Amino acid sequence: MVSDLPMGIIYIILTMVVVAELLVFISVKFAAARFQWLITPKSKRPNLSKKVVEHFFNKSFDPELGWAPKPGSSGEDMTELGVKTYHIDDKGRRFNPAFNDEPSRVAVFGDSFSFVV
């Protein structure tokens, strides 16, 4: 069937495929720099400084869970509402000093998405 097509059409199809591949490649490169959830081969080995890795291990690494805030620690998170301070109590629970005097009726347990609630 391919042998029935004129060579000009085959070259045009091949050129279109190569151009499409290049456009996808460039688009992924462009998007990866701006969209942290786009996984590329470079994502397998991120360029992290020794200081960042040591900070992670000292502050929140858990051999069973992977990530869990250390009891007695505190820190700040940058959110859409600005910088938010948090503290982790002796049982590993987060409490927010801004709401210390407020009654608590809901407990949230989960991963890092629930941590910022």
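Which one is farthest from residue 72 (Cα to Cα), of the residues in the stretch 1-44 that are among the aromatic types (Phe, Trp, Tyr) and within 18 Å of the chain's Cα centre (by Cα)?
Of everything passing the filter in the stretch 1-44, 30 is farthest from residue 72 (Cα to Cα).
Within the stretch 87-94, identify whether any single residue is among the basic types (Lys, Arg), out of contact with any strand residue (DSSP E or B) (no Cβ under 8 Å at 6 or more places or on another chain) and over 28 Å from residue 107 (Cα atoms), and answer yes or no.
Scanning the stretch 87-94 turns up no residue that is among the basic types (Lys, Arg), out of contact with any strand residue (DSSP E or B) (no Cβ under 8 Å at 6 or more places or on another chain) and over 28 Å from residue 107 (Cα atoms).
Only one of (1) surrounded by 10 or more Cβ atoms within 10 Å (Cβ to Cβ); (2) farther than 30 Å from residue 109 by Cα; (3) without any contact (Cβ under 8 Å) to a residue 12 or more places away in the chain; (4) under 21 Å from the mean Cα position of the chain (by Cα) fails for residue 47. Which number is that?
Residue 47 satisfies every listed condition except (1).
Among the candidates 83, 53, single out the residue that is within 16 Å of the chain's Cα centre (by Cα) and at pLDDT 80 or above.
53
Answer yes or no: is there a residue in the stretch 16-39 that is in a helix (DSSP H, G or I), surrounded by 10 or more Cβ atoms within 10 Å (Cβ to Cβ) and either among the basic types (Lys, Arg) or assigned by TED's automatic domain parsing to the domain that holds residue 109 (or both).
There is at least one residue in the stretch 16-39 that is in a helix (DSSP H, G or I), surrounded by 10 or more Cβ atoms within 10 Å (Cβ to Cβ) and either among the basic types (Lys, Arg) or assigned by TED's automatic domain parsing to the domain that holds residue 109 (or both).
The values are calculated or read from the model by the stated rules, or taken from the named source; none is laboratory data. These numbers were taken from a predicted model, which means no experiment stands behind them. Note: ideal-geometry Cβ built from the backbone for every residue, glycine included; neighbour counts use all protein chains shown.
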